[in-house]
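Reading through the structure tokens given below for one structure.
Laboratory data are not the source of any read-out in this text; all were calculated from the coordinates shown. Quantities reported herein were computed from a predicted structural model and do not represent experimental measurements. Positions of Cβ are backbone-derived with ideal geometry, glycine not excepted, and every protein chain shown enters the neighbour counts.
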Amino acid sequence: MGLFSHKISRDDLKPGDHIYSWRNAYIYSHHGIYVGDEKVIHFTRGGGLEFGTGTILDKIIDISIPNHGRRDNKCLDCGDQSNLGGVISSCLDCFLAGGNLYLFEYSASPSNFLAKRGGTCTIASSDPCDEVISRAKFLLLQNGFGEYDLLDNNCEDFAIYCKTGLFVLSVATKFGCSGQANSVSAAGGVVALTLKVLGVKKKTSGQEDDSVVSVVNQVISSTVKYVVPGIGGLALAEYGNYCIGRLFYDIGVRKDACKVSVEELVAFVGAKQNILESKKSS
């Protein structure tokens, strides 16, 4: 696995690895936990579509994925999984769906994290492989990771939880800590934090610097020596805004993330779903 490419061979796979494969011309990647014996436990939307826009775009995306969702190309080991949703187990070939194999990176440094694409690494560290596999198998048995949502609760969120045990216990906010979804959020902008990094907004009396802002400020300062007025300055501001957003929501630095046992997680997800369903009905 190189600095920018996380592509690996099957021979390098180890049980407990968080792996992924790109879909839809590198627009989106599907994630899972390799548990050994050519098996992967992963979290998906019913019908085999992770993107799930609810429009004709889903059909176009499905066609663009080699060997994915094909009823006429059933796996002898897995059978027809095209209508399965939630936490499922597949052979490695079905998981890859004709794509290449990549390894998700843990304990990435802030500089490496910012240099790489969202959804390929995290600053958080991984737990031992036996704990990772145990969480994945328990969630498979219970189908206990809730309802799939592309932005709020997706396959990357599932794999990251299995690897770290970290979860955002909030009924009011989204589940998600996935790098792909957070890259979209970051691109939308965190204006106040960007201004803080650029020194436009002064710190009020008694207020401490945000640790995430401090890290991003150091990274940007080490590579950009001065701010170019006009368009250059605006571009730098937008870049700083994007960097802060990505780091701010990474599971490795989020202050609202905590270690949660898999049993507690299943109970929490069930309770949250009941609350949401109750609100919908009322």
Square roots of 5 times each gyration tensor eigenvalue, C-alpha, segment 93-149, largest first, Å: 24, 17, 12
task: Read phi for every residue in segment 112-121 and hand back ³J(HN,Hα) as whole Hz from Karplus 6.51 cos²θ - 1.76 cosθ + 1.60, θ = phi - 60°, with x for Gly and Pro.
output: 5, 4, 6, 7, 9, 6, x, x, 10, 6
- line: Diffing segment 31-37: the Karplus 3J(HN,Hα) column from phi (6.51, -1.76, 1.60, θ = phi - 60°), in whole Hz with x for Gly and Pro, holds 10, x, 10, 7, 10, x, 6
message: A 25 angstrom limit on the alpha carbon distance is what I want to check against. Which of LYS39/LYS163; LYS39/LYS116; LYS163/LYS280; LYS7/LYS255 exceed it?
response: LYS39/LYS116; LYS163/LYS280; LYS7/LYS255
message: Quick query: amide H of LEU101 versus all other amide H atoms, modeled in the peptide plane; which residues come in under 5 Å with a sequence gap of 5 or more or a different chain?
response: ILE8
- prompt: By how many nm would the segment from ALA115 to LEU169 grow when fully extended, if each residue of separation counts as 0.36 nm and the alpha-carbon distance is taken off?
  reply: 16.5 nm
- prompt: Considering amide H positions built from the backbone, and no H for Pro or chain starts, which residues 5 or more places from GLY16, or on another chain, come under 5 Å of its amide H?
  reply: TYR34, VAL35, GLY36
query: Under a 5 Å amide H to amide H cut-off, with H placed in plane at 1.01 Å, what residues pair with ASP149 once short-range neighbours are removed?
result: ASN154
query: How high is the FRET efficiency between ARG10 and CYS75 when r is their beta carbon distance and R₀ equals 22 Å, given to the nearest 0.05?
result: 0.85
query: What list of ³J(HN,Hα) values in whole Hz, one per residue of segment 83-95 in order, does the Karplus curve 6.51 cos²θ - 1.76 cosθ + 1.60 (θ = phi - 60°) give from phi, with Gly and Pro shown as x?
result: 9, 7, x, x, 8, 9, 10, 9, 6, 4, 5, 5, 4
